[in-house]
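I have placed the structure first, in the form of structure tokens, so that the comments after it can refer back to it.
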Amino acid sequence: MRPGPRHLLLATAAAIAAASTAVLLLLGLPLLAAHRLDAERYALVVALAALAGLGVGAVLLVRLVARPIDRLLAAAARIGGGEGSLPPLGEGELTLARAAVAFERVAGALDEERARLAAKVAELTASNRALAEARESLLRSEKLATVGRLAAGLAHEVGNPLGAVAGYAELARKRVPPGADPELGDALERIAAAAARIDRTVRDLLDFARPAVPAILPIDLAPALEAALRLARVQARMKRVEVAQALAPGLPRVLADEHQLAQVFLNLLLNAGDAMGGEGQVRIAARAEGGQVVVELADTGPGIAAEDLPRIFDPFFTTKDPGKGTGLGLAISHRILEALGGEIAACNRPGGGALFTVRLRAAP
Ligand code: ADP
């Protein structure tokens, strides 16, 4: 049988009783020698006192020490991996050694628990961040839908009178004989130019408000990029911009509408040209990644101000001079990618310049 805490404490109680009996004997012996005490009665009293001491000591020790230690051991064994996780004890080993092992186990279990908790917290933080991003994206989509409805109404209201203004200005210009009234001719030309600008904005608005339903098909990425580059190169702001392409070989086809995808790339290229003041480099890289094709478009411009980053995909957000930007390019691009089941995001490159990342679904 293994020596449990109870056995050890009973032994301690017995030792205490023996010691007190010895003291009683020592005190009583001189009286016995002087014949002042009856020897038999004296022995009986000492024996009874020793027995009582033993009993009371044992009960007290068991109640005050052994039971709490037992409970502590059981609790420690529960936390540290169960009674079975404690090593078997040899006959001579102290129960307290077993308690020490149990508590080491508890400390180990607590360390493991702490690590598990830290991992859980990290996981929760990541899910929280993902949730916040999803909420942000949802809010943006709602905002886009509301602005879209407003824009559609406005574009309709503005479009017809604008057509009339442009038409009458053209008519008046034709009626003024060449050179007859240069001032009037100049004013009429300005009217026509201003009307054309509003017309462009209105058409952008309509594009945004009523995006064409995309014809989603498996297409190659390269022709869409080429179409965008062809359109971009004829713009003055892209004349001194070098464009380098690095498309990974064997890129899978993407699920997209080629025309709309080209429109996204055109927006990104023209924005890069604007940001770089018409001079710099654009690098387009594409790679396959987990069922997606990731296209990155980096420029050597000044990058996007940190406070503007959360707003650049909002409709009508622009930092360009009046008349230069409508703030719709990126909002339209965002909407197109959403309809294609893709994503668009922007950040600044560590070395400077903006980086736009477009994610498209790879065709199965
Ligand atoms: P717009 O071009 O009419 O301003 P966009 O929606 O295309 O509208 O762009 C919104 C804003 O995003 C721009 O006004 C500009 O501040 C910022 N932006 C877009 N692309 C870049 C870029 N490559 N570098 C720096 N800022 C950019």
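Okay, here's what the table says:
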| item | result |
| --- | --- |
| Pairs with Cβ under 7 Å, 6+ apart, first in segment 301-327 and more than 18 Å from G352 (Cα to Cα), second within 6 Å of the ligand (Cβ to nearest atom) and in a helix (DSSP H, G or I) | F313/L330; F313/A331; D314/A331; P315/A331 |
| Which listed residue, of G278, G291, is over 21 Å from A212 (Cβ atoms) and either free of Cβ contacts under 8 Å to residues at least 60 places away in the same chain or hydroxyl-bearing (S, T, Y) (or both) | G278 |
| Residue count, segment 171-206 (criterion: in a loop (DSSP other than H, G, I, E, B) and aliphatic (A, V, I, L, M)) | 2 |
| Qualifying residue in segment 281-295 (condition: under 29 Å from I219 (Cβ atoms), away from the ligand (no atom under 12 Å from the Cβ) and among the acidic types (D, E)) | yes |
| Residue in segment 193-214 that is modelled with the highest pLDDT, counting only those that are surrounded by 16 or more Cβ atoms within 10 Å (Cβ to Cβ) and over 19 Å from G327 (Cβ atoms) | A195 |
| Those strands (runs of 3 or more DSSP E) lying entirely in segment 251-299 with at least 3 residues under 15 Å from L355 (Cβ atoms) | 279-289, 292-299 |
| For V243: the one exception among (1) surrounded by 16 or more Cβ atoms within 10 Å (Cβ to Cβ); (2) away from the ligand (no atom under 16 Å from the Cβ); (3) more than 28 Å from the chain's Cα centre (by Cα); (4) assigned to a strand (DSSP E or B) | (2) |
| Of all residues in segment 316-335 being charged (D, E, K, R) and more than 20 Å from L154 (Cβ to Cβ), the one that is nearest to the ligand (Cβ to nearest atom) | K320 |
| When residues of segment 300-315 are limited to those that are part of a helix (DSSP H, G or I) and within 30 Å of A362 (Cβ to Cβ), the one nearest to the ligand (Cβ to nearest atom) | L309 |
| Residue check for I344: modelled with pLDDT of 95 or more, assigned to a loop (DSSP other than H, G, I, E, B), within 12 Å of the ligand (Cβ to nearest atom) and under 24 Å from the mean Cα position of the chain (by Cα) | no |
| Selected residue (criterion: modelled with the lowest pLDDT) from residues of segment 1-60 that are surrounded by 13 or more Cβ atoms within 10 Å (Cβ to Cβ), more than 29 Å from R71 (Cβ to Cβ) and not small (G, A, S) | L37 |
| The one condition in (1) within 9 Å of the ligand (Cβ to nearest atom); (2) on the phi > 0 side of the Ramachandran plot that L355 fails to fulfil | (2) |
| Close pairs from segment 108-133: first under 25 Å from I79 (Cα atoms), partner part of a helix (DSSP H, G or I) and modelled with pLDDT of 90 or more, Cβ under 7 Å, at least 6 apart | none |
| Every residue from segment 299-334 that is basic (K, R) and closer than 18 Å to D199 by Cα | K324 |
| Count of residues meeting criterion [within 13 Å of the ligand (Cβ to nearest atom) and not polar (S, T, N, Q)] in segment 252-277 | 12 |
| Odd one out for K120, checked against (1) exposed (fewer than 14 other Cβ atoms within 10 Å of the Cβ); (2) at pLDDT below 75 | (2) |
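The values are calculated or read from the model by the stated rules, or taken from the named source; none is laboratory data. Just so we're clear, the structure is a prediction, and the values are computed from it rather than from any experiment. Ideal geometry is used to build each Cβ from the backbone, glycine not excepted, and the neighbour counts take in all protein chains shown.
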